[in-house]
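Some notes on the structure that comes next.
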Amino acid sequence: MAAAAAAVAAPAAPGPVVREGDTVIWDVNGDKQALVAVDGRSRVKLGTAFFSAAPLLGCPYGSMFTLSADGSTLERTQYTPLPDWDLPDDKPDFNTRTNDKLVQNDANQTLSAAEIEAMKASGAAGADIVAALAANSATFAAKTEFSQEKYKKKKAKKYIQIATVRRPTGATVAEAYFANSPAKTNYLRADTLALLLTLANVGAHARVLVVESCGGLVSAAALERTGGGVSPGSGVASAWAGGPTAKKPSLEIWRSFNFSQQQRAGLRFAPLSTLLEEARQAQQAAQQAGNGQQQDGQRQPQEAVQQDGPAAAGDAAEPMQQDGQPHGSEQQQQAEQPPGREDAQQQTAGGAAAAGGPRPPFDSCILAAPGISPLALVQHVLPLLAPSASLAVYSPWAQPLAEALDALRGQGQVANLALSEAWWRELQVLPLRTHPTMNMNHGGGYILSATVLAHR
């Protein structure tokens, strides 16, 4: 009974519904995104007012909310005010109406602002206001069918506020930060983040090294891609330049991802000097182990010769070495080990247990710290990477990456060098009017990718 009670009292793992303490993306009409930590005191903005976030608790991700009839609280809704695909079937695909003779004029709208405010005060729904605006427009009937849909969509965004609760993922968090405060993530766009993860070959059970100044967005996205602690040694090591006394950069964005306790166990924070020291100790332990095996292999032929020789006859129960001392005792085997070998192995094992998360060598690496020279940073982390590891370096500018590519090309440390540019343009996909949007963001940044060769 006690075990059953403890199981009931234990907090549930993050699931498909919003729970107390979760962080959600509050997406208003697809145009404005905000990260909100949902608890009893948090508030969300819809329109021009703030409301309690309590109605969000227990709702599945993807739920839509709008204002209640009196405009005082939030309520769930299943209605979408933007039916872009609802085209009448009784009309031909092409009509002869055009907008060439229409003149933009405020006098075309006979519904005054005072009348609109009176409708709001009386509790009229946003859809009713949009219908009234269309009915009182002198040019609405003369517009083309596509222009009518565009007109209603524009008015709906102003008078109908629909907010969607979205799960925080690498894509949604990147979009939210890029839209509101891109400087916090070094202007890292969602498509550039996806390209970084792909070129670095980040996947399940991977050991990923991340050096970033993007607020922790890259580390969190890599942890999400790997699964976080799904296998021993897998996960993400988020590092920064400098030693133990160096100032740690702000990497708190990962807390917005609602990671479980198991996933958090796969995330590790450490300075690069600590990782380099771990790699050096692991290399020394491997070399000492190899030397010990080589010495054992050399002793075996000597023992066989001594056992078959004349000295092995009679009462000689144990093989003798040249100095006449018995061979094979545990004390002597321990004494024959190279000095410091056992201590190094114990320190390495103890450091692995204490640090948690992945340890060198890493099979994937992402460098997203534009404030540091890409060439210097790549050369600094190469000892931490395993042969055939994938490397991806992000920078908002092409010139530093081009210089690093030219310098690395003749050193023989990496192969498959390539410089890529992220390019993203949204397309409107609607019946009979699918085309690229007029505006696009040109600053997606650049990525230098390579494959690490075996260390010489």
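Using r as the Cβ-Cβ distance of Ala114 and Gln262, and R0 as 60 Å, what FRET efficiency do you calculate, to the nearest 0.05?
The pair Ala114/Gln262 has a calculated efficiency of 0.55.
Show me the ranking of peptides 32-45, 257-270, 164-177 by mean Cβ neighbours inside 10 Å, starting with the highest.
My ranking of the peptides, most packed first, is 164-177, 257-270, 32-45.
When a/c is below 1.5 the answer is rounded, else prolate if a/b is larger than b/c, else oblate, so apply that to the range 16-80 with a ≥ b ≥ c taken from the square roots of the Cα gyration tensor eigenvalues.
rounded
Which of the three applies to the range 106-159, rounded, prolate or oblate, going by the alpha-carbon gyration tensor with a ≥ b ≥ c and a/c under 1.5 meaning rounded?
Note, shape of the range 106-159 comes out oblate.
Counting Lys and Arg as +1 and Asp and Glu as -1, what is the net charge of the other residues whose Cβ lies under 10 Å from the Cβ of Ser52?
Around Ser52, the charge tally is +2.
Using the basic label-point model (7 angstrom from Cα toward the beta carbon), what is the His455 to Arg255 distance in nanometres?
Here the answer is 3.6 nm between the modelled labels.
Tell me which lysines have Cα within less than 26 Å of Lys120's Cα, excluding those fewer than 8 residues away on the same chain?
Excluding near neighbours in sequence, the set is Lys32, Lys45, Lys150, Lys152, Lys153, Lys154, Lys155, Lys157, Lys158.
Fewest Cβ neighbours within 10 Å first, please rank Glu145, Glu426 accordingly.
With the sparsest Cβ surroundings first, the list reads Glu426, Glu145.
Arrange the peptides 395-406, 205-216 so that the one whose residues have, on average, the most other Cβ atoms within 10 Å appears first.
205-216, 395-406
Sorted by mean Cβ packing within 10 Å, highest first, what order do the peptides 369-378, 279-288, 217-226 take?
Ranking the peptides 369-378, 279-288, 217-226 by packing returns 217-226, 369-378, 279-288.
Classify the range 115-242 from the C-alpha gyration tensor, please: rounded if a/c falls under 1.5, else prolate or oblate depending on whether a/b exceeds b/c.
prolate
Using a Förster distance of 35 Å, how high is the FRET efficiency between Ala54 and Asn441, based on the Cβ-Cβ distance and rounded to 0.05?
About 0.45, to the nearest 0.05.
Counting only other residues whose beta carbon sits under 13 Å from that of Asp128, what net charge do I get with K and R as +1, D and E as -1?
After counting each charged neighbour, the total is +2.
Efficiency by 1/(1 + (r/R0)^6): what FRET value for Ser181 and Glu145, r their Cβ-Cβ distance, R0 = 45 Å, to the nearest 0.05?
0.70
Here, each number is a calculation from the coordinates, and none is a lab measurement. If you're wondering where the values come from, they're calculated on a predicted model, not measured in any experiment. Counting neighbours? That spans all protein chains shown, and the Cβs are built from the backbone with ideal geometry, glycine included.
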